[in-house]
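Asker: Encoded as structure tokens, here's the structure I'll be asking about.
The values are calculated or read from the model by the stated rules, or taken from the named source; none is laboratory data. A quick note: this is a predicted structure, and the numbers were derived from the prediction, not measured. Please note: Cβ atoms are built from the backbone with ideal geometry, for glycine as well, and neighbour counts cover all protein chains shown. Ligands, DNA and RNA are excluded from the accessible area calculation, which covers all protein heavy atoms including side chains. Shrake-Rupley method; radii C 1.70, N 1.55, O 1.52, S 1.80 Å.
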Amino acid sequence: GAGQMGNGIEELRGIPFVASRGCPYECTFCSNPSMWGKLWKPRPPQEVIDEWKLWIKKYRVNHFYSCDLTAIVLKKWIVEFCELLIKENLPITWGLPSGTRSEALDYEVLQLLKEAGCNDLDYAPESGSDYILKIIKKKINKDKMLESIHNCNRVGINSKVNIIFGFPGEKRRHVFESYYFILRLVWAGVNDVLVGTFSAYPGSEFYENLKREGKININDEFFHDLAAQGSLDVMSCYTKYYSRTELYLFKMGGFILFYIASLLCRPHRLWVLIRDLVKGSGTTRLSIGLINIFSRWRQRQSMAIISKE
């Protein structure tokens, strides 16, 4: 997904990178606290850039995408990194598709990111419900994140937001609070929303609680859910307040709400979607998803014809 949405050129040669280890936050759905504690340790900016130069020379890489747990924590670090990257003037683009926070992403920093070649930025609020944000210990300011997303749109960086449904303790009204937040995201100018469902990561606080309560079965379905969190599949439901079928409908409803509202609010995105579908090359999650669905349908049709022969 990250590679496909890189810099929009046909000969895309993307490679992942890691610029930091750990995360200073303690989200209850994440396994990081049991792995690294609250230690967040970034690499020296120049070291990361030197590594990029090596991969450019060795493999002709032209797009880099972050796999950091929390890519941007310290404003000083990202400013130094961007300033060095601008001086190097490398023939590449890069992105942060793994999800990040917004505290350090003010207009000044976003302008630097754009100038330094960043074209893909993912925010990770996870929920629009204040109650859910409290129980998952997300510690974000929604209004400030929306302001950052608005500025991200202003400077021309592609933005995506991650929303998760199905947290233990989530009620239907919390889902609708997230739906309202999705509408606010549309107004702020976000390009894409990835609506996923909660998965119980081994080592996370939620996982340990659910395991003690006997609500986790370590089987093929459990591992499928871990691997397919952002997919359109029907997933396990860990909240007692609504059913697995409702969880699936809530997830699909989130996607539908976002894309209808986005196309109504910004009609020019409809032409972008049509262009992507005609070219067969996706630049948004929606166009990539539709192209993949069409591609799989054609493959099934081809297989059906071959089997008949």
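Asker: How large a share of the accessible area of the chain, in percent, is made up of carbon and sulfur atoms when the probe is 1.4 Å and the other protein chains stay in place?
Answerer: Exposed carbon and sulfur together represent 57 percent of the surface.
Asker: Relative contact order for region 12-160: what is it in percent, counting Cα pairs under 8 Å that are at least 6 residues apart?
Answerer: Normalised by residue count, the contact order of region 12-160 is 23 percent.
Asker: Shifting gears a bit: Quick one: length gained pulling Glu11 to Leu39 fully straight, 0.36 nm per residue minus the C-alpha distance?
Answerer: Result for the pair: 6.3 nm of gain on full extension.
Asker: How big is the chain on each of its three principal axes, counting only the C-alpha atoms and giving the largest first in Å?
Answerer: Computed over the chain, the largest-to-smallest principal extents equal 58, 54, 38 Å.
Asker: Once the Cβ-Cβ distance between Thr245 and Phe222 is put in as r, and R0 is 25 Å, what FRET efficiency do you end up with, to the nearest 0.05?
Answerer: 0.85
Asker: Mark the label point 7 Å from the Cα of Leu54 along Cα→Cβ and return the residues of region 18-36 whose backbone N is within less than 14 Å of it.
Answerer: 18-19
Asker: Are there GluC sites (Glu not before Pro) in region 192-291 that DSSP puts in a loop and that have at most 14 other Cβ atoms within 10 Å, and which ones?
Answerer: Filter output for region 192-291: Glu213.
Asker: Using the Kirkwood formula over every pair of different C-alpha atoms, what hydrodynamic radius in Å results for region 62-207?
Answerer: One over the average 1/r among Cα pairs gives 15.9 Å for region 62-207.
Asker: What length, rounded to one decimal in nm, is gained on full extension from Asn209 through to Glu103, with 0.36 nm per residue of separation minus their alpha-carbon distance?
Answerer: My answer for the length gained is 35.2 nm.
Asker: Just from its helices, what would the mean residue ellipticity at 222 nm be for the chain, if runs of 4 or more DSSP H residues each count -39500 (n - 2.57) and the sum is divided by every residue, rounded to the nearest 500 deg cm²/dmol?
Answerer: -15500 deg cm²/dmol
Asker: Quick one: compute the contact order of region 92-227, relative version, from alpha carbon pairs under 8 angstrom and 6+ residues apart, as a percent.
Answerer: Averaging sequence separation for qualifying contacts and normalising by length gives 24 percent for region 92-227.
Asker: Could you report the chain's accessible area per residue, 1.4 Å probe, as an integer in Å²?
Answerer: On a per-residue basis, 52 Å².
Asker: Let me ask you something else. What FRET efficiency comes out for Cys265 versus Arg298 if R0 is 35 angstrom and r is the Cβ-Cβ distance? Round to the nearest 0.05.
Answerer: 0.60
Asker: Test of understanding: what is the full-extension gain from Ile86 to Leu277, defined as 0.36 nm times their sequence separation minus their Cα-Cα distance?
Answerer: 65.4 nm
Asker: Once you keep just the Cα pairs under 8 angstrom separated by 6 or more residues, what percentage relative contact order results for region 175-298?
Answerer: About 28 percent, as a whole number.
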